[in-house]
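Here is the structure we will look at.
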Amino acid sequence: MNIILLGAPGAGKGTQAAFLTEHYTLTLVGTGDMFRKAISEGTDLGKKADAYVQSGQLVPDALVFDIIQENLKIDDWHRGLLFDGFPRTIEQAKELEKIVSAQKTVIDNVVFVSVNDEVLIDRLVNRWTCAKCKKIYGKQAVSTDAQAVCAACGGTLTKRADDNPETVKKRLVEYKQKTEPILDYFGSKVLRVDGSLTIEEVTKGLIAAIGN
Ligand code: AMP
């Protein structure tokens, strides 16, 4: 099974992707994580993508296709894939369809996690990520610095460089201009799930929408 998870930054795609990959035994294709890794390792692609990621702009499509090609192995397709953060432009959606048909497979589900802007901004500026296991926390989990430790693995909780109010606003503008049109592109294929509920409720909603 291959799934595309769509939604604005802060909609909870990363959190839900972790549950869905486990539930459906899928390989995660997360372009945001791929770029952050390339940037932290100082690779050529990382150097080219760095300024875009830090400023909250979308990385040009050509670099996105390169990072996917670098990270996605033929064997991954046997397991089924969950795309989180890709596609983010109509061009990327078209390219993904080409890649998928070249693999003689299909996209089984396109799921949109819907959350209003006020909630998105509040979630993003208060988001913490475990440096070790990448688990994501909201403000409730980190009320003081002394508690800034991952409950799952003990790793240090860090703030993403692009989760500051100014960059968050730019990311939402980019999302509305370039990514939201993908919903129309996929049309009636899109399953909509309310992402403003609790994490557990959203997971249930996603599993109910996707089915078995
Ligand atoms: P994310 O972790 O998905 O929020 O992505 C973080 C940043 O990586 C985005 O703000 C973009 O700068 C870049 N990025 C990730 N995926 C893509 C993509 N599919 N197309 C363009 N830029 C991307």
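Structure data summary
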read-out: Surrounding net charge for Cys150, when Lys and Arg each add one and Asp and Glu each subtract one, Cβ distance under 12 Å; value: +3
read-out: Amide hydrogen neighbours beyond the local backbone of Val149, cut-off 5 Å, H modeled; value: Leu157
read-out: Over 26 Å (Cα to Cα) - which of Lys98/Lys135; Lys13/Lys176; Lys48/Lys169; Lys37/Lys169; Lys159/Lys189 fall in this group; value: Lys98/Lys135; Lys159/Lys189
read-out: Ascending count of other beta-carbon atoms within 10 Å, so fewest first, for Lys135, Lys104; value: Lys104, Lys135
read-out: Under-5 Å amide H pairs with Leu6, H placed in peptide plane, nonlocal only; value: Val111, Phe112, Val113
read-out: Relative contact order (percent, whole number), the chain, Cα cutoff 8 Å, 6+ residue spacing; value: 29
read-out: Cα gyration tensor shape for region 105-174, rounded if a/c is under 1.5, else prolate or oblate; value: oblate
read-out: Ellipticity estimate at 222 nm from DSSP helix runs (n ≥ 4, -39,500 (n - 2.57)) divided over the chain, nearest 500; value: -14000 deg cm²/dmol
read-out: Whole-angstrom gap from region 108-128 to region 73-104, using each part's C-alpha centre; value: 22
read-out: Only Lys, Arg (+1) and Asp, Glu (-1) charged, at Cβ; the chain dipole about Cα centre in debye; value: 180
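Computed from the coordinates by the stated procedures, all read-outs in this text should not be read as laboratory data. Note that the structure is predicted; figures quoted are calculated from it, not measured. Glycine gets a Cβ as well: all are built from the backbone with ideal geometry, and neighbour counts include every protein chain shown.
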